[in-house]
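Beneath this line is the structure, given in structure tokens, with notes to follow.
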Amino acid sequence: MTAENDYIELLPAARRDAILALRKENSRKLHSRKKGFLAYRLPYESVRHLRAASLDLAGDVVRIGSASDITAAEQQQVLQVLRGFMPWRKGPFQVFGIDIDAEWRSNRKWDRLLPVLPDIRDKVIADIGCNNGYYMFRMAHYQPRAVIGFEPYHHHYFTFRTLNSFAGLTALHLELLGVEHLTLYPDCFDVVFLMGVIYHRISPVEMLKDVWPSMSHEQC
Ligand SMILES: C[S@@+](CC[C@H](N)C(=O)[O-])C[C@H]1O[C@@H](n2cnc3c(N)ncnc32)[C@H](O)[C@@H]1O
């Protein structure tokens, strides 16, 4: 997240200082020289300058760029980087012409959501447990003001950062934070997506108590 597209300015009620302090702590972690972090950070850094000329976020497959946007050598490099992010749990994606056939057909869950999806244009949205951001890319099709993904695992964090460095969607943001940090976001979100997380929590009710106040009063 660069200073100029920091979503935090959109959320006057957010606990800014605490969020910035956590970001600083996370940044230290993400830049650590430990093998587990380098394994994802270095590949991301090696390709983050590449830009997709087109996006297709409307279909089952999230398409970011096409093969002709980059050279054959760059495509090979991207392929190796994307392989390094395996296993891909959420998808499918196609990136610069490379098909990524994920473990889950996330488009099927999205299709079940569509009939009940509110109008998310210009809305501020949280996607808790966003994984590699598959749904965030699908949301971007509807032009939300901002989508903030909450995902505590650095593997998924760097996968998303890599995809979005190609896609260049400035409305999409990812925090290396978990649902337990939602208390830092009172009265912030017009829409909250909380999918596939509740049954992993020891206390689902306590979790919902953290999430509920993060919704904008107008939406409650
Ligand atoms: C079963 S997947 C669901 C992914 C996606 N939301 C979906 O519905 O397909 C659970 C996700 O929650 C993430 N997760 C794990 N602990 C979490 C926490 N404390 N807060 C938020 N997300 C968490 C996992 O890393 C994983 O990406």
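Going by how many other Cβ atoms sit within 10 Å of their own, how do Lys90, Lys209 line up, fewest first?
Lys209, Lys90
Rounded to the nearest 5, what % of DSSP beta bridges with both residues in the chain are antiparallel?
Working: 5 of 24 bridges.
Expressed as a percentage, antiparallel bridges in the chain total about 20.
For the chain, what does the helix formula give at 222 nm: sum of -39500 (n - 2.57) over DSSP H segments with n ≥ 4, over the residue count, nearest 500 deg cm²/dmol?
-11000 deg cm²/dmol
Could you tell me which of Asn107, Tyr153, Leu208 has its Cα farthest along the dipole of the chain towards the positive end, charges placed at Cβ (Lys, Arg +1; Asp, Glu -1), taken about the Cα centre?
In the chain, that residue is Tyr153.
Let's see if you can work this out: charge +1 on each Lys and Arg Cβ, -1 on each Asp and Glu Cβ, no other charges. What is the dipole magnitude of the chain about its Cα centre, in debye to the nearest 20? Don't skip to the answer; put the middle values down first.
Numbers: 27 positive and 25 negative charges, 149 e Å.
So the magnitude is around 720 debye.
Determine, from the Cβ-Cβ distance of His31 and Leu10 and an R0 of 22 Å, the FRET efficiency 1/(1 + (r/R0)^6), rounded to the nearest 0.05.
0.25
How big is the chain on each of its three principal axes, counting only the C-alpha atoms and giving the largest first in Å?
Here the Cα extents, ordered largest to smallest, are 51, 43, 35 Å.
Among Ile64, Gln80, Leu176, whose Cα projects farthest towards the positive end of the dipole of the chain, with charges put on the beta-carbon of Lys, Arg (+1) and Asp, Glu (-1)?
With unit charges placed on the Cβ atoms, the residue in question is Gln80.
Quick check: Cα centre of the stretch 130-162 to Cα centre of the stretch 76-126, how many Å?
9 Å
State, to one decimal in nm, how far the label point of Ala72 lies from the label point of Glu180, with both points 7 Å from Cα in the Cβ direction.
5.1 nm
Only four residue types carry charge here, +1 at the Cβ of Lys and Arg and -1 at the Cβ of Asp and Glu. Report the dipole size of the stretch 1-59 about the Cα centre in Debye, rounded to the nearest 20.
Taking the Cα centre of the stretch 1-59 as origin, the dipole is about 520 debye.
So the label point goes 7 Å from the Cα of Leu38 along Cα→C-beta, right? Which residues of the stretch 60-92 then have their backbone N under 11 Å from it?
none
Computed from the coordinates by the stated procedures, all read-outs in this text should not be read as laboratory data. In this text the structure is predicted, and so the values were computed from the model without any measurement. Reconstructed Cβ throughout: ideal geometry from the backbone, glycine too, with neighbour counts over all protein chains shown.
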